[in-house]
Structures are given as C-alpha cells and as structure tokens.
Amino acid sequence: MKLTREEQAWLAGDGGKALKRAMEIIVALGKIYGAKRLIPMVSVQISGVSYRNLGSPGLDFLQRWVEDGARVRVPTTLNPAAMDLADWRAQGFDAKFAAQQHAVIDTFRRMGVEEGHPCPTCAPYLIGNVPAMGEHIAWAESSAVSYANSVLGARTNREGGPGAIAAALTGRTAAYGLHLDAPRRATLHIQVNTPVCTRSDYSALGAIAGKVARNRVPYFSGLPVRRSDRHWEENLKALGAAMAATGAVALYHIADVTPEARAQSMLAPEAETLTIIDLAPGYAMLSDPVTEIDLVWFGCPHASLVEIAHIAELLRDQTLATPLWVTCARPVKEAARSLELAPVIEAAGGRLVADACMAIAPVRDLGFETVATASAKAAFYLRNLAGVAARFGTIAQCIEAAIRGTWSVA
Ligand code: F3S
C-alpha cells in the first residue's frame, strides 16, 4: 500500500502512541481489503458507545487510548448510548450504570468528539453532519451508513468501532469497497409489485429485501416514493435501516430518486432480479404473538422533527396505558420542546428520550419484556439482541397499543 510521507511518519510513531495505533488499524484494514492507498475524509461516526455492550474491558481500552493522546482530527459524532444522559433517572436507570455510561461518554469528550460536547445519535445527518454527494466519510452505524451512501450519495463502508475511531484520529480511511466506483453498482434488481404506503411498509419491504440481498447493493424499481413527498426521507431512513438489520446492505439505489441513480444507470448488467409481490412475510418475520405491551418505542433510527410532529398529532388529547418512548438526538428533543410538540406527547404520558437506543439498553432490567414498534430494525434487534418479544406494525397500531395497553389482533 502506498502511504504519503506524513502517513509513514505517523505509522512510525512520530505523532505519538495513539496516532501510531490508529494508523496500524487503518493500514491493517487496508491490507485485508486490498486497498492501494489511504484517502482523506470529511467526517466520522463512531459506534460502540453503550456501556451495556462495551463493559469494563471496552471502557479500559478507550481510556488507555485517550491517555496515550487520542484526539480526533475530523468532525466526529457518536452513536447512541444506552440511556438519556440527562434524564436517566426518570427512565429507571440506577446510579452505578449511569456512572459507567457517563465514563464512556467522557472518554469521547476527551478525544474532542463534537468539540467536547457529544450528542449521541444514530441519525447524525439530522443534527448537521450532512456529507455532500461524493464526499468520503467513515461512519459505523449501519442505518446511518445506508442513509449517507444511498440518500446523500456520500461514500462510506460499514466501519467497525475501533476502525471508526482510528479514522477519526488519522482523518484517513483505506480506499476500498464503497469508496470506489465499481462496487457501488447494483447487483440485485428488486422489482416492487405491491403497494408500499406506510412507514412500516417501507420497513417490512426492507426486512424482506435485506434478507435476500445480504451485503449486495440492491436497485429498486416500482417504488412509489418521490422526492416531493413530505415523508420521503423518513421512509427511506426506515427502508435502509431494515435492510442493514436483516442483511448487511450499506448502499441501495431507487430508480429516479436516489442521487446516483438519478445521475446515471447504477444497475450492473449481470444483476439478478427479485420481484416482491407481498409485504406480509416482512411483517410476520418481525412479530411475536404477544398481546400485552410493556413499552411502545418510536425513533429507530432516531426520530426527525417530522416524525415527532406526526406522533404528537396522533397523541393529542389521548391518555396512554403503556409507556411510550420516542428516541431522538438531543438537539431534536430541544427543538421539539420549543415547537410545543414535546408537551403534547408528555401530556398523553409519553416521553422524548435523547441520546439513547433501546436495542442496546438493558431493556429487561428496566421491566420491559414486550415492545411494540413500527421499525423493522427495532423489532429485529429487540428480539435478537435484547431478548424481548416484539410486535411490529403501523405507527397507528403502535399508538393504539399504547392507549389500550394491548396489541389489537383483530
Ligand atoms: Fe439507532 Fe438503535 Fe435503531 S442505534 S437505528 S435506535 S437500533
């Protein structure tokens, strides 16, 4: 692999121990994937922030890196933590867990993430981290990777936790995979021959497509989405998150909608074709046959203001029988409060939860064994990672479950 003189010096240790370790990781990844060089990039998004997943070995690893001088060189954001960093008591977390989670955030603060004020979120593109088409970035959260590549036209592979930190410390990533032109062409053509209307329909479609596509690049035709639709970005956010969960899809194209597919033909001549005629298998694969609902969770990926406004509209003058949490980035939560949306949700008995993701939180320890959601990714991870039962359905069905406390099977 060809390195610049500066990169060679960093690898030799001229920039200190932390930078040397970061360069070793970037170069090792590049060698594994056959990269010929490193490329500078403009932003990083780091995953592996929840103390529940990191535990004390992960925290020690991060603290050692900081003590060795780790400091980010490019704008960097963080994936969600396990809890709202301010309102964790109201969520039911104990002080010991909160202290451990804050210690993790503190290591990233000391690295200079978001200039020392991290706002953990899996939708950094909703709080100003919006790379332009063709820009190279190194993001780790799978739904954000999908959104950045597909909806924004930026270029990133699905980075792992240490790889993303190493990219943030060096400002470099290895030139392979989706940073190059050829791997961005679609090798699976998905023809959609069934109505796709609601947010959960996009999620169910993504769940089916992701299972078939695995790590290929799909190209959709027949989808009714238009860039002039009010919720088109939210629908594509749900579609991409679902494919990233049931498969490992990091990039997709939609005929005449996503930026690269608008500019040129992105379908490889050898692409296989899959026709989807029914979304019911997508709904079925994400649901357990439970009726009592302990928690209704929206905001996977983190909710936009448009989504929060929609939920507030549905909750106006209602009284909830079941806790209802909407996860989002802290600046979005603050904006929802200024726009008088948060008080409507809270008056019904719901809660806006900043900084957090329920799929990586100790949900069962908080007393929740069944969760209803309109997100395929949430249902997939709750069932497979958090060990809770899930009901997957439309936003309206989830709201109804929160009001009644039970899932309507009629
Ligand atoms: Fe975000 Fe967690 Fe969903 S990281 S995409 S809220 S599983």
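The values are calculated or read from the model by the stated rules, or taken from the named source; none is laboratory data. Quantities reported herein were computed from a predicted structural model and do not represent experimental measurements. Backbone-built Cβ (ideal geometry, glycine too); neighbour counts: all protein chains shown. For accessibility, only protein heavy atoms count, side chains too; no ligands or nucleic acids. Shrake-Rupley method; radii C 1.70, N 1.55, O 1.52, S 1.80 Å.
Couple of notes before you dig in:
One line per residue, one yes/no per condition, for (1) open to solvent by less than 50 Å² (accessible area, probe 1.4 Å); (2) out of contact with any Cys (no Cβ under 9 Å at 6 or more places or on another chain); (3) assigned to a helix (DSSP H, G or I); (4) over 27 Å from GLY16 (Cβ atoms):
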{"position": "ARG73", "(1), (2), (3), (4)": "no, yes, no, no"}
{"position": "THR77", "(1), (2), (3), (4)": "yes, no, no, no"}
{"position": "ALA86", "(1), (2), (3), (4)": "no, yes, no, yes"}
{"position": "ARG89", "(1), (2), (3), (4)": "no, yes, yes, yes"}
{"position": "LYS96", "(1), (2), (3), (4)": "no, yes, yes, yes"}
{"position": "ARG109", "(1), (2), (3), (4)": "no, yes, yes, no"}
{"position": "CYS122", "(1), (2), (3), (4)": "yes, no, no, yes"}
{"position": "GLY128", "(1), (2), (3), (4)": "no, yes, no, yes"}
{"position": "MET133", "(1), (2), (3), (4)": "no, yes, no, yes"}
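- Some residue of the stretch 88-100 being touching a strand residue (DSSP E or B) at 6+ places or on another chain (Cβ under 6 Å) and under 15 Å from MET358 (Cα atoms): no
- Pair list, Cβ under 7 Å, 6 or more apart: the stretch 290-302 residue more than 14 Å from TYR381 (Cα to Cα) and assigned to a loop (DSSP other than H, G, I, E, B), other residue away from the ligand (no atom under 14 Å from the Cβ) and of a type in the set (S, T, N, Q): VAL290/THR370; THR291/THR406; ILE293/THR322; ILE293/THR370; ILE293/THR406; ASP294/THR322; ASP294/THR370
- Residue check for ILE105: surrounded by fewer than 24 Cβ atoms within 10 Å (Cβ to Cβ), under 20 Å from ALA238 (Cα atoms) and in contact with a strand residue (DSSP E or B) (Cβ under 8 Å, 6 or more places away or on another chain): no
- Wholly enclosed helices (runs of 4 or more DSSP H) of the stretch 163-270 bearing at least 3 residues open to solvent by less than 30 Å² (accessible area, probe 1.4 Å) and not aliphatic (A, V, I, L, M): 199-213, 232-246
- Among the residues of the stretch 271-286, those identified as open to solvent by less than 30 Å² (accessible area, probe 1.4 Å), under 26 Å from the mean Cα position of the chain (by Cα), away from the ligand (no atom under 16 Å from the Cβ) and of a type outside the set (Val, Ile, Thr) are LEU279, GLY282.
- Residue within the stretch 32-44 that is out of contact with any strand residue (DSSP E or B) (no Cβ under 6 Å at 6 or more places or on another chain), in contact (Cβ under 8 Å) with a residue 12 or more places away in the chain and among the small types (Gly, Ala, Ser) present: yes
- Against the test of being within 16 Å of the ligand (Cβ to nearest atom), modelled with pLDDT of 95 or more and acidic (Asp, Glu), the options GLU159, GLU135 yield a single qualifying residue, GLU159.
- Residue in the stretch 374-383 that is modelled with pLDDT of 95 or more and either away from the ligand (no atom under 15 Å from the Cβ) or not in a helix (DSSP H, G or I) (or both) present: yes
- Residues within the stretch 384-395 that are small (Gly, Ala, Ser), more than 10 Å from the ligand (Cβ to nearest atom) and touching a Lys or Arg at 6+ places or on another chain (Cβ under 8 Å), tallied: 3
- Filter result (surrounded by fewer than 20 Cβ atoms within 10 Å (Cβ to Cβ), farther than 18 Å from PRO80 by Cβ and of a type outside the set (A, V, I, L, M, F, W, C)) within the stretch 324-355: ARG337, SER338, GLU340, PRO343, GLU346, GLY349
- Checking ALA9 against (1) in a helix (DSSP H, G or I); (2) small (Gly, Ala, Ser); (3) within 21 Å of the chain's Cα centre (by Cα), the condition it does not meet: (3)
- Of all residues in the stretch 341-363 being more than 16 Å from the ligand (Cβ to nearest atom) and assigned to a loop (DSSP other than H, G, I, E, B), the one that is farthest from TRP407 (Cα to Cα): LEU341
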